[in-house]
1. Of A:115, A:153, A:649, which is farthest on the positive side of the dipole of the protein assembly as shown, counting Cα position, with +1 on Lys and Arg Cβ, -1 on Asp and Glu Cβ, and the Cα centre as origin?
2. Which whole-angstrom value gives the distance between the alpha carbon centres of the stretch A:189-266 and the stretch A:526-547?
3. For the stretch A:70-111, just say rounded, prolate or oblate: build the C-alpha gyration tensor, square-root its eigenvalues into a ≥ b ≥ c, call rounded for a/c under 1.5, and beyond that prolate if a/b exceeds b/c, oblate if not.
4. If you take each beta carbon of peptide A:112-121 and count the beta carbons of other chains within 10 angstrom, what is the mean?
5. Using heavy-atom solvent-accessible surface (probe 1.4 Å) with all chains present, what is the largest-first order of A:345, A:362?
6. Please work out whether the stretch A:390-538 counts as rounded, prolate or oblate from its C-alpha gyration tensor, where a ≥ b ≥ c are the square roots of the eigenvalues and a/c under 1.5 means rounded, while otherwise a/b larger than b/c means prolate and anything else oblate?
7. Stretch residue A:625-residue A:540 to full length: gain in nm at 0.36 nm per residue minus the Cα-Cα span?
8. Counting pairwise Cα distances across the stretch A:286-360, what percent come out greater than 15 angstrom?
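The values are calculated or read from the model by the stated rules, or taken from the named source; none is laboratory data. As the structure is a prediction and not an experimental result, all values here were calculated from the model. In this analysis, Cβ positions are derived from the backbone assuming ideal geometry, glycine residues included, and neighbour counts consider all displayed protein chains. Ligands, DNA and RNA are excluded from the accessible area calculation, which covers all protein heavy atoms including side chains. Shrake-Rupley method; radii C 1.70, N 1.55, O 1.52, S 1.80 Å.
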Amino acid sequence: MRISYESITSYATPRRLAVSIKEMAEFQTTIEEEAKGPAEKIAKGINGEWTKAAIGFTRGQGKSTDDIFTKEVNGTSYIFVNKHIEGKPVEQLLPDFKAIVESIQFGKNMRWAHGTLRYARPIRWIVAMFGKEVIPFEIAGVQTGSKTFGHRFLGREISLNEPSEYEDSLAENFVVANSQERENMILKEIKELEEKHQFRIPVDEGLLNEVRNLVEYPSVFMGSFEDKFLELPSEVLITSMKEHQRYFPVLSADSELLPRFIGVRNGDMHKIDTVVRGNEKVLRARLSDAEFFFEEDQRQSIHFYQEKLQRVVFQEKLGTISDKVNRVMSITKHIADLLKLDETTTKTAVRAAEISKFDLMTNMVNEFTELQGVIGEKYAIHFGETPAVAQAIREHYLPKQANGDLPDSLTGAIVSIADKMDTIVGCISAGLTPTGSQDPYGLRRQATGILRIMKEREWELSLEEILTTVISLYQNVNMEQQSMTSTVELQEFFRQRAAFLLKELHVGQDVIQAVLHNEIGRFDYTVSKAELLSEKRNDQAFKPVQEALLRVLNLSEKANGKDIVNQEFFISETEKDLFDQYNQSKNDFYAYDQQKDSVKALECLATLAEPIHAFFDNNMVMADDDQIRNNRLALVNCLSVLIKDFADLKLVEWKQQF
Amino acid sequence: MAKDALFEIGLEELPARFIDDAEKQLLNKTADWL
């Protein structure tokens, strides 16, 4: 709009969104600009007169041909006119601010009364002022004015004389309009309580952010609950306080959970005792429920809960949770076998898989769904399971977020992968592939979790080995829409996740394509190769090697799958030398490849550089003689296969200086 | 000549999770518009 100003400040509380603009100019900035017209050769006729094109252009700009001047642009002469755009009075333009208000997007909208506007919540008043004047417009039947409102209970209606009164007038009426200021007030009062009582009050950033947006005038208070509730798992207490009540838990100096909590009131300290008692009553009710659930749940048995799982559907096409558990047990056993684990560890993992979901049927998890796994671990111990099994039950849900903690234990990691693989393969086989905006089963996060675990664990196991097993498991399941294309879809789905993780590690897209051209393989090794190639891409010293290997890859396209090399058809020493070096390097390469030593593996390929250059410089690969030609192509093809087993180097954008 | 301007939208209580993003949108859209 070409409206100059000194500064803009925004404000937000639960009841208002506001923006204050200081020193806004009363007029738009007037500008002079050059309007470019047609090329001069089109604008002027043979005799130098102005053509219709020139006349039309000047008329469109509100000028005449007398105003035309010419200028060269990129070697071509064009006609121009100077345009003077006078700034309009800003007062005339400000009603257009209505469009900005209406364009704000919220997560969810609603309609109200008889209106058609969809907004987060009903609009009750609008202040729009420029100096002392009201800017007139209307939204959803609400006219603009200069009246605002203070705190819902402690404040009053405020008539503003001018914008500069805004923040102070609200403050006088118990509204702290600035979000950061409210946050600072809360933190200051929490700190004071910490110092006064020698407590520790860890402030979760997410909770603080939420709480400061629940109040217009924060006042911090401390409440307490009965000691007996400390018998409950700390996770239950903390979840109840933080997630359900938006309280901050209180710890002792030794980090022991105390029977206290910190709440934030939307108001002043008047009758704060009543507020504290009310909050304590609500929390007591919640914790009493939790106590009841805890006791009731532990009267039953794991078997009791397992039976119930048979009547809970996991997904319409994939059967019950009990069906899922059976599949996860099979996958767990298979992974344990692939990893060549001992019998005890395998038994632990399979047992953990078997009872991994029993806690979903408990009252506690029904009430505190976010504690699935956590409660499973605690109840498993109570019911006599080993700590290793219990830990795996909790850990099989990890990671909970994209960059969240991974399972600490081996059995936890195995069951986690098994469970996630089952969900992913099942859903995609059933036609539930995530789209750009929809991923209701969190398949992308789960696939990322699998790859992260495999990278951290550095197993001698490729993703494809696990995937093949799980796919074969599903081929035995009677599903309506199962199709062969789902295997391809699954591979591509995991490939995209692998590419995503590599990108997070700042690997370039070309190197990602190069290392993932064939399969994901052992992901930790794939990452190591990607990082090495990223380094070599810019390494001048690597240039001769890269050139040699690329010569092979370029020519291998003509090989058409030939791979039988017959030494009898060698003519030159250089092709014999190359073949000898290939055989030696190949053995070393696959040995290092097996050990996941990407540096040594690439060095083996590098030993081929000189013989390759000598081969190409001294031999015509596409010889006239069929036998010699096919033999040389077969040699090239064998080399190509070796190189591509590391990465498809043709896809790398080599950046060394030439 | 210059003057201060003020725009405030008064609403029923907004869900806490909407507020930060809405404030940011209002600020950015106003700045872009000016």
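1. A:115
2. What the calculation gives is 53 Å, centre to centre.
3. Numbers: a/c = 8.13, a/b = 2.20, b/c = 3.70.
Oblate.
4. Working: counts 1, 0, 0, 0, 0, 0, 0, 4, 8, 7.
Rounded to a whole number, the mean comes out at 2.
5. Details: A:345 35, A:362 5 Å².
Largest accessible area first, the list is A:345, A:362.
6. Values: a/c = 1.75, a/b = 1.27, b/c = 1.38.
In terms of gyration-tensor shape, oblate.
7. Details: separation 85, 0.36 × 85 = 30.60 nm, distance 3.82 nm.
Extra length available between residue A:625 and residue A:540 comes to 26.8 nm.
8. On the way: 1749 of 2775 pairs.
For the stretch A:286-360, the fraction of Cα-Cα distances above 15 Å is 63 percent.
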